[in-house]
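See structure below.
The values are calculated or read from the model by the stated rules, or taken from the named source; none is laboratory data. Note that the structure is predicted; figures quoted are calculated from it, not measured. Here the Cβ positions follow ideal geometry from the backbone for every residue, glycine too, while neighbour counts run over all protein chains shown. Accessible surface areas use protein heavy atoms only, side chains included; no ligands, DNA or RNA. Shrake-Rupley method; radii C 1.70, N 1.55, O 1.52, S 1.80 Å.
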Amino acid sequence: MNYKKISETIESKVSELFEDLRSGISAREDSRAFGAMIEKRITQNWTRICNDLGYEPLEIPGRRTIFDFACKIGEQLFGFDVKTKDLDTTSYSDGGVCAVGNLLKYMANDKGIFVIAEFGHNKSGTKNESRDIEYIRIAPFHILPSNCYRIENLGTGQVRLNYTINQVWDEIEWERSYPEEYKQMLIKEFSQSLTSNTTTMNTLSLADNYKRKFGAVFTPSKWADKLVEKHFFKNWLNGAIVLDPTAGEGVFLKSFLKIASKQGIELTHERISRLFGIELNQEYVVNFHDTIEREFAIHFPKSNFVQGDIFFQEKELKADLLIGNPPWVNFTDLEEDYKEKTKHLYIHYGLVKNQKDLLLGNARTDIATLVIAKVLHSNLKENGRAIFFLPLSIFQNDGANQEFRNYNIRGVDFAVEDILDFNGTKIFESILGRYGVAHFARDKKQKFPIEYRILKQNEWETHHAKPLFNLTDPLTVFDSAEAESRLDNFQKISLPKYCQPRQGINTCGANDVFFFTTHEIIDDERVRLKNKLGDEITVNKKYIFPLTVSSTLASQNPKPEKIILVPHFESGKPIDLETLKKDEVLFNYLSKYQALLQNRKGVLINTWINKGFWWALMGVGEYSFASYKIMWKAYGDNIFAPKVLEPDSYFGSWQGNQSLNAYIGVSTLHEANEVFRKLADPMIQEYLSSLRMQGTCNWAQPGRIKKLMEFSLDGRERQPLTWD
């Protein structure tokens with residue numbers, strides 16, 4: 001059953017009922033009254049909605065049921081529960097869904113699918129005592145991520161949401177089926193929650209909730225022992241103070257005690273008192289003290305391992321040595337309240353220049369970077385040393401984390417002395433990205449190259465690394481002295497300004513609206529299209545273009561398989577409403593999805609939406625309509641293989657698919673061939689490989705390729721290319 005299509009079609013129909021709430025509707029400020037109004041409006045129109053969609057509406061139930069309205073789709077029962085979410089961060093929400101027992105009965109006896117209809121709302125920005133609906137999300141409960149909900153033993157037990165549906169929208173497994181065995185597993189887990197405070201689901205939800213919020217990744221004790229013993233253990237014995245600023249379960253501090261015990265070294269109070277840890281989660285703090293007392297038969301000072309946030313300490317602890325594993329999460333993925341609480345620190349420690357940067361590309365800055373910057377500056381003594389497990393994106397990504405690579409924090413110099421790259425070896429089971437260990441020294445100027453060790457077949461292979469062009473560039477890792485010499489002497493590719501690399505067109509989460517999977521050419525001007533949702537439209541070909549797919553760049557003579565709708569002028573600006581309305585079919589098609597398009601997230605797309613251009617796309621400019629494209633795979637590949645794409649004889653210029661493709665657009669085949677010739681330089685492949693980002697989303701993105709180029713001419717006047 002296509003849960004995504006069902007959810008989207010119902011969401012679209014429901015959205016039509018609330019168009020007036022886009023600009024505020026008179027309603028009592030009380031959030032419960034607002035929720036009752038939402039429910040009433042849907043139930044009053046529910047029969048019509050179902051009839052329009054070909055579903056069988058069921059009688060509106062009484063208050064003792066777990067759903068507010070229901071229907072049958074085929075023979076399957078769907079029950080919908082309205083949840084309203086006040087987006088005011090100061091408002092409390094317990095996330096309550098329903099009693100566990102009632103949900104059990106519904107699944108076991110009624111064999112129904114339970115669906116949540118979530119309405120995010122806020123105080124109106126334009127009308128007093130009114131509220132605006134910010135988004136509507138509809139999804140079946142059983143396809144939500146398991147850490148999205150928890151079971152609480154309040155009376156007969158309650159199902160509660162840890163996150164809004166909107167927060168986990170991109171993680172929903174729409175293809176997940178609802179077989180009997182899955183249903184029975186849920187029933188079993190829910191049943192346990194009625195009689196136990198420590199069910200598997202309860203325990204996991206606590207841990208997952210914490211990890212999700214703060215990016216906690218716990219270090220295996222084997223690797224903590226290795227780092228401590230090799231680098232810091234002797235320093236500690238000789239009197240050094242040690243701090244783990246994001247201590248988790250205290251694995252690094254335990255390693256000092258464990259190694260001392262194995263070597264027969266007495267764990268004196270003086271030695272123990274020089275170990276410190278700060279941890280955000282109180283549960284882990286309690287567990288640490290209990291474990292230490294049980295395993296080592298010692299009393300660890302309560303004031304040395306405490307609950308707290310390393311960013312907000314009343315009195316900063318200064319240590320000789322820092323060791324740890326900071327959280328692995330981007331700023332953009334943090335919960336909204338924690339973003340607000342910490343965003344000024346990114347500016348304070350020089351990781352972004354202003355709040356605008358934080359909202360745009362640098363939103364991908366790792367919180368691990370902020371932790372390291374803060375503790376090197378405020379918690380490490382002069383000439384102190386630090387070792388951290390961390391995501392290697394800190395050193396090898398463009399854009400985000402770039403300011404960290406000035407190697408100076410508010411006037412304090414620091415140096416990265418060497419890096420250990422685990423090269424895909426599984427250290428952390430739940431982490432797919434690339435990670436390693438970095439050694440830092442405070443009050444030391446950064447010098448390059450540094451040693452960069454790569455783990456290969458259980459052996460550490462030593463390389464050298466340095467930024468190739470500018471200090472803040474990602475680190476280039478050299479396979480040999482010869483490779484370093486070749487890259488050092490690389491001559492940048494000279495191109496006109498208008499030949500800058502670009503990403504493909506970005507729908508900002510609305511692919512199903514703008515992408516079409518089948519097409520039929522009717523005549524010289526019109527094409528019949530069908531999208532993934534099954535909707536058909538016949539449009540003028542001036543707004544549609546061939547979209548690259550996986551086979552496009554591999555084919556000798558690619559044929560359009562997917563089509564993209566681009567309602568923009570050739571200047572790159574979205575067509576205006578007057579122009580859009582002249583094409584009645586196109587206007588009606590886009591209007592059908594207006595609510596979905598207006599709900600798209602992102603600072604840049606919302607600048608267009610707020611101006612009334614809710615049909616706009618990102619990544620569209622004059623360059624998008626260049627006849628010839630020199631295009632390559634920018635995401636997830638390991639071979640740089642650009643290809644000249646000539647315009648399709650009917651649809652015209654090929655369009656790249658968001659960050660999957662990058663390209664340079666030109667007007668003539670001669671220009672395209674000349675650009676292609678320059679991009680065929682094997683040094684480009686060597687440079688990209690040296691950055692060690694093969695197979696990642698950053699493989700050959702425009703910003704990375706642009707570093708290999710220098711541009712002439714102003715670019716405002718499009719002049720013909722002249723070639724050497």
* To do: Estimate the FRET efficiency between His670 and Trp460 by the formula 1/(1 + (r/R0)^6), using the beta-carbon distance for r and 51 Å for R0, to the nearest 0.05.
  => 0.50
* Just the number, please: carbon plus sulfur as a percent of the accessible area of segment 275-316, 1.4 Å probe, no ligands or DNA/RNA counted. => 47 percent
* Separation between the Ala36 and Lys226 pseudo-spin-labels, each 7 Å from Cα along Cα→Cβ, expressed in nm? -> 6.3 nm
* For Lys581 and Leu345, FRET efficiency with R0 = 51 Å and r from the beta-carbon atoms, rounded to 0.05? -> 0.60
* List the chymotrypsin sites (Phe, Trp or Tyr not before Pro) within segment 469-526 that fall in a DSSP loop (any state other than H, G, I, E or B) and whose Cβ has at most 16 other Cβ atoms within 10 Å. => Phe469, Phe490
* Asked: Restricting attention to segment 593-691, which trypsin sites (Lys or Arg not before Pro) occupy a DSSP loop and are surrounded by at most 13 other Cβ atoms within 10 Å?
  -> Lys601, Lys611
* Accessible area per residue of segment 427-532 at 1.4 Å probe, in Å²? -> 51 Å²
* Structure fact -> Quick calc, Ser485 & Ser303: beta-carbon distance into FRET formula, R0 51 Å, rounding 0.05, result 0.40
* Asked: Is there a pair in Lys318/Lys339; Lys532/Lys629; Lys343/Lys542 whose C-alpha atoms are over 32 Å apart, and which pairs would that be?
  -> Lys343/Lys542
* **Spin-label pair Glu646/Glu270, simplified geometry with 7 Å Cα→Cβ offset, distance in nm** => 8.4 nm
* Structure fact -> Label model pair Asp418, Gln282: point-to-point distance (7 angstrom along the Cα→beta-carbon line) in nm is 4.3 nm
* According to the square roots a ≥ b ≥ c of the eigenvalues of the Cα gyration tensor, what is the shape class of segment 244-283, taking rounded for a/c under 1.5, prolate for a/b larger than b/c otherwise, and oblate for the remainder? -> prolate
